[in-house]
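The next block holds one structure in the form of structure tokens; read it before the comments.
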Amino acid sequence: MQFCSEPNCGVLVPSGRCATHAPRDRYARRAYAETHAWYGSLRWRLLRATVLRDEPFCRSCRALGRQSLTVDVDHIVKHDGDPIKFWDRTNLQALCAPCHTRKTGRGE
């Protein structure tokens, strides 16, 4: 048994997600797969490279007076499959790995 893979969910499941967080139907699973595929696209790789070039230091660390090199590009507001939010440059920020892990772990 393990915890549901949805951030901050404490339900124990054999694997994957609990009933509350599992995709509801084939359409939901397909939509998730299509959205996830955006991360492998050339468009995403170019946009990601632009964000990392524009923001070489972690935005969260900078706010705390620290300098950490960035390795991850984060959606400030979760896109939840919305292409407008996904591709919007103003909704992207560069973060170091620990800050990105913390933020996504909180479900943000």
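Observations on the model:
- Accessible surface, 1.4 Å probe, highest first, among residues His75, His36: His36, His75
- Between Arg43 and Thr104, the C-beta separation translates, for a Förster distance of 22 Å, into a calculated FRET efficiency of about 0.50.
- Of the accessible area of the chain, computed with a 1.4 Å probe over protein heavy atoms only, carbon and sulfur atoms account for 57 percent.
- Total charge dipole magnitude, the chain, about the Cα centre, Cβ charges on Lys, Arg, Asp, Glu only, Debye to nearest 20: 100 debye
- Using the 1.4 Å probe convention, the accessible area of the chain works out to 67 Å² per residue with neighbouring protein chains retained.
- Three principal axis extents describe the C-alpha atoms of the chain; from largest down they are 41, 29, 18 Å.
- Along the range 2-8 the Karplus relation, 6.51 cos²θ - 1.76 cosθ + 1.60 evaluated at θ = phi - 60°, assigns HN-Hα couplings of 8, 6, 3, 6, 6, x, 6 Hz to successive residues, with x for each Gly and Pro.
- Spin-label pair Val11/Asp80, simplified geometry with 7 Å Cα→Cβ offset, distance in nm: 1.8 nm
- Over the chain, dividing the summed -39,500 (n - 2.57) contributions of all DSSP H runs of at least 4 residues by the number of residues returns a 222 nm mean residue ellipticity of -11500 deg cm²/dmol.
- Heavy-atom accessible area with a 1.4 Å probe sorts Asp74, Asp82, largest first, into Asp82, Asp74.
- Applying a 4.7 Å cutoff between beta carbons, the unpaired cysteines of the chain are Cys99.
The values are calculated or read from the model by the stated rules, or taken from the named source; none is laboratory data. Since this is a predicted model, take the numbers as computed values, not measurements. Cβ atoms come from the backbone with ideal geometry, glycine included; neighbour counts cover every protein chain shown. Side chains included, ligands, DNA and RNA excluded: accessible areas come from the protein's heavy atoms. Shrake-Rupley method; radii C 1.70, N 1.55, O 1.52, S 1.80 Å.
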